[in-house]
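The values are calculated or read from the model by the stated rules, or taken from the named source; none is laboratory data. Being a predicted model, the structure only gives us computed values, none of them experimental. Every residue, glycine as well, gets a Cβ built from its backbone with ideal geometry; the counts of neighbours run over all protein chains shown. We work out accessible area using only protein heavy atoms, side chains counted, and drop any ligands, DNA or RNA first. Shrake-Rupley method; radii C 1.70, N 1.55, O 1.52, S 1.80 Å.
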Amino acid sequence: DGGITQSPKYLFRKEGQNVTLSCEQNLNHDAMYWYRQDPGQGLRLIYYSQIVNDFQKGDIAEGYSVSREKKESFPLTVTSAQKNPTAFYLCASSLRDRGRGFYNEQFFGPGTRLTVL
Amino acid sequence: QQQVKQSPQSLIVQKGGISIINCAYENTAFDYFPWYQQFPGKGPALLIAIRPDVSEKKEGRFTISFNKSAKQFSLHIMDSQPGDSATYFCAATPDVRFGAGTRLTVKP
């Protein structure tokens with residue numbers, strides 16, 4: 001079964017703690033993304049990566065960090081610098097359209113709900 | 001910086017009715033327009049997508065209409081069902097921009 005997995009499904013963080021959210025895909029997709037979704041809100045891009053060992057900041061990168069050591073994996077760390085981390089976090093991946101040179105639709109994981117205690 | 005504007009924010013439709021969600025974009029470099037459906041507590045799932053070389057694409061009860069000159073596209077859900085109640089997002093690529101989402105409620 002091909003797809004994107006995220007773990008854990010629910011995560012609780014104490015004040016001042018760093019936590020890492022896992023994202024794995026076996027779709028052989030080139031690009032991976034992290035989004036944050038607040039209740040009743042849209043998707044805000046945190047970070048994205050188009051190739052191993054390279055990533056770019058999205059619109060709300062402050063307080064977050066990522067790594068892309070393997071094509072299949074794109075973990076997100078929510079640091080203590082992120083003052084309001086309670087949200088639903090979504091990971092996605094997409095395949096590069098060789099003809100267009102760009103990326104088409106994204107495939108999303110099931111999400112991780114992070115709550116700060 | 002919202003490059004894809006989506007409306008309405010919420011929509012209530014009776015069962016069997018037509019649901020219409022509209023999106024407008026600014027960047028003429030956008031050349032692929034997917035729509036996503038998201039149920040509460042789940043990740044968005046690709047519903048249907050269109051390229052600007054066609055004006056309409058239909059898949060079952062879901063249709064995308066595209067107006068390249070107006071830089072607008074819309075999702076039509078025919079014979080709306082309570083199971084269609086979800087949040088719908090339009091998007092545009094490259095550059096990966098999402099609309100703000102429309103919460104659709106279909107009343108039985």
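Residue check: is A:SER7 modelled with pLDDT of 95 or more and more than 14 Å from every other protein chain (Cβ to nearest Cβ)?
It is false that A:SER7 is modelled with pLDDT of 95 or more and more than 14 Å from every other protein chain (Cβ to nearest Cβ).
For region A:17-31, which residues satisfy the criterion of being modelled with pLDDT under 95 and under 17 Å from A:ARG96 (Cβ atoms)?
A:LEU27, A:ASN28, A:HIS29, A:ASP30, A:ALA31
Hey, could you check region B:60-92 for residues that are among the polar types (S, T, N, Q) and touching a Lys or Arg at 6+ places or on another chain (Cβ under 9 Å) and say which is nearest to the other protein chains (Cβ to nearest Cβ)?
B:THR87
Exactly one of these conditions fails for A:GLY16: (1) within 19 Å of B:THR87 (Cβ to Cβ); (2) touching a Ser or Thr at 6+ places or on another chain (Cβ under 8 Å). Give me its number.
Unmet for A:GLY16, out of (1) within 19 Å of B:THR87 (Cβ to Cβ); (2) touching a Ser or Thr at 6+ places or on another chain (Cβ under 8 Å): (1).
Name the single residue that is surrounded by the fewest Cβ atoms within 10 Å (Cβ to Cβ) among those in region A:1-41 being of a type in the set (Gly, Ala, Ser) and farther than 27 Å from B:ALA100 by Cα.
That would be A:GLY16.
Within region B:33-59, how many residues are more than 9 Å from chain A (Cβ to nearest Cβ) and open to solvent by less than 20 Å² (accessible area, probe 1.4 Å)? Talk me through it step by step, then tell me what you get.
Keep residues of region B:33-59 that are more than 9 Å from chain A (Cβ to nearest Cβ), which gives B:33, B:35, B:37, B:39-40, B:47-48, B:50-59.
Next, from what is left, pick out any that are open to solvent by less than 20 Å² (accessible area, probe 1.4 Å): B:33, B:35, B:48, B:50.
Number of matching residues: 4.
I'm checking my understanding of the structure. Among residues of region A:59-100 that are open to solvent by 20 Å² or more (accessible area, probe 1.4 Å) and within 13 Å of chain B (Cβ to nearest Cβ), which one is modelled with the lowest pLDDT?
A:ARG100
Could you please tell me which pairs satisfy a Cβ distance under 7 Å, a separation of 6+ or placement on different chains, a first residue in region B:80-108 that is free of Cβ contacts under 8 Å to residues at least 40 places away in the same chain and closer than 18 Å to B:ARG61 by Cβ, and a second residue that is surrounded by fewer than 16 Cβ atoms within 10 Å (Cβ to Cβ) and of a type in the set (Ser, Thr, Tyr)?
Close Cβ pairs satisfying both conditions: B:SER85/B:THR105.
Taking region A:42-56, which residues are farther than 22 Å from B:TRP35 by Cβ and either crowded, with 18+ Cβ neighbours inside 10 Å or within 13 Å of another protein chain (Cβ to nearest Cβ) (or both)?
A:ILE46, A:TYR47, A:SER49, A:GLN50, A:PHE55, A:GLN56
Residues to consider are B:SER80, B:SER19, B:SER65; find the one that is surrounded by fewer than 21 Cβ atoms within 10 Å (Cβ to Cβ), farther than 25 Å from A:LYS9 by Cα and either of a type outside the set (Val, Ile, Thr) or under 15 Å from the mean Cα position of the chain (by Cα) (or both).
Within the list B:SER80, B:SER19, B:SER65, the selection yields B:SER65.
Please go through region A:11-41 and pick out each residue that is on the phi > 0 side of the Ramachandran plot and either assigned to a strand (DSSP E or B) or touching a residue at least 24 places away in the same chain (Cβ under 8 Å) (or both).
The answer is A:GLY16, A:ASN28.
B:PHE30: of a type outside the set (A, V, I, L, M), away from chain A (no Cβ under 14 Å) and surrounded by 14 or more Cβ atoms within 10 Å (Cβ to Cβ), yes or no?
no
Going through region A:101-117 one residue at a time, which ones are more than 27 Å from B:ALA49 (Cβ to Cβ) and within 12 Å of another protein chain (Cβ to nearest Cβ)?
A:ARG113
Taking the conditions exactly as written (under 19 Å from B:SER10 (Cα atoms) and either out of contact with any Gly (no Cβ under 8 Å at 6 or more places or on another chain) or aromatic (Phe, Trp, Tyr) (or both)), does B:ILE50 satisfy them or not?
No, not satisfied.
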